[in-house]
């Protein structure tokens with residue numbers, strides 16, 4: 001690959017959520033601070049939403065790795081489960097032994113006892129659910145019932161849900177309006193600004209071991225910002241492919257042509273350009289037609 005060519009120790013733009021590459025932009029640091037404050041003050045439900053590719057999973061993992069030993073964490077990466085299956089998954093994460101054929105009532109009872117036991121040990125149980133927009137409504141209600149257990153001081157179970165904007169629509173369902181009312185902290189992730197994207201690229205390169213000069217030309221950065229709209233996952237994909245393109249030419253700096261080539265090879269950015277050029281072409285044809293008509297009228301006069 002291009003590691004030796006650019007003096008890198010590892011690939012800087014993998015799309016896997018590696019916390020060592022976490023970039024503290026304004027929004028992401030605000031979101032992380034919100035999560036940490038909410039967790040340490042014992043809030044029941046916390047919600048983080050963001051569009052596809054904005055880094056919710058990476059934020060989730062960074063958050064979990066930032067918590068101390070006083071927290072017992074259960075991580076559910078795919079909560080598209082019926083209520084009993086979710087409760088069994090939570091039992092497994094919390095080390096609660098239940099029989100596979102146990103009914104939902106017995107599983108709930110075992111989990112409640114485990115929460116009491118962890119509280120007696122001075123530990124707070126926190127559940128992180130990624131891709132929460134996929135969770136069935138009835139499963140959300142079962143989760144809410146599990147959070148009813150509390151002391152006079154705090155909840156025995158805290159829940160943090162990460163999801164796409166569709167999660168807000170699901171939470172508006174009348175049958176789980178009580179859950180929506182219990183969400184005390186809510187934060188929405190956004191895309192990187194143009195300046196943040198530049199720092200983001202440099203940050204990942206440095207973490208990957210880069211010690212050289214400027215890697216992306218100014219025009220390359222402007223095109224990448226326009227193509228990706230500041231969405232971190234798309235930035236990673238285009239940056240990786242741009243480095244491959246530059247490496248193939250034996251260049252040490254990524255040019256605008258490299259970014260354009262990478263964009264043409266990426267469906268999420270290429271389709272956007274097709275619509276743009278179709279629109280431009282239609283406008284040109286319309287203007288040409290108008291000019292021809294005007295010219296014909298003048299000739300007749």
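The values are calculated or read from the model by the stated rules, or taken from the named source; none is laboratory data. All values reported here derive from a predicted model rather than from experimental measurement. Using ideal geometry, Cβ is built from the backbone for each residue, glycine included, and neighbour counts are taken over all protein chains shown.
Would you pick out the residues in segment 86-106 that are in contact with a helix residue (DSSP H, G or I) (Cβ under 9 Å, 6 or more places away or on another chain), crowded, with 16+ Cβ neighbours inside 10 Å and either modelled with pLDDT of 90 or more or on the phi > 0 side of the Ramachandran plot (or both)?
Residues satisfying the conditions are 86, 87, 88, 90, 91, 94, 96.
Return yes or no: is residue 62 under 25 Å from residue 239 (Cβ atoms), touching a helix residue (DSSP H, G or I) at 6+ places or on another chain (Cβ under 6 Å) and not in a loop (DSSP other than H, G, I, E, B)?
Values: under 25 Å from residue 239 (Cβ atoms): yes; touching a helix residue (DSSP H, G or I) at 6+ places or on another chain (Cβ under 6 Å): yes; not in a loop (DSSP other than H, G, I, E, B): yes.
Yes; evaluated as a whole, the condition is true for this residue.
Does residue 174 count as surrounded by fewer than 14 Cβ atoms within 10 Å (Cβ to Cβ) and in contact with a strand residue (DSSP E or B) (Cβ under 6 Å, 6 or more places away or on another chain)?
Answer is no for this residue.
What is the one condition in (1) surrounded by fewer than 20 Cβ atoms within 10 Å (Cβ to Cβ); (2) part of a loop (DSSP other than H, G, I, E, B) that residue 54 does not satisfy?
Going through the list (1) surrounded by fewer than 20 Cβ atoms within 10 Å (Cβ to Cβ); (2) part of a loop (DSSP other than H, G, I, E, B), residue 54 breaks only (1).
Please work out which residue is nearest to residue 77 (Cα to Cα), limiting yourself to segment 118-144 and to residues that are loosely packed, with under 15 Cβ neighbours inside 10 Å and without any contact (Cβ under 8 Å) to a residue 40 or more places away in the chain.
Within segment 118-144, the match that is nearest to residue 77 (Cα to Cα) is 137.
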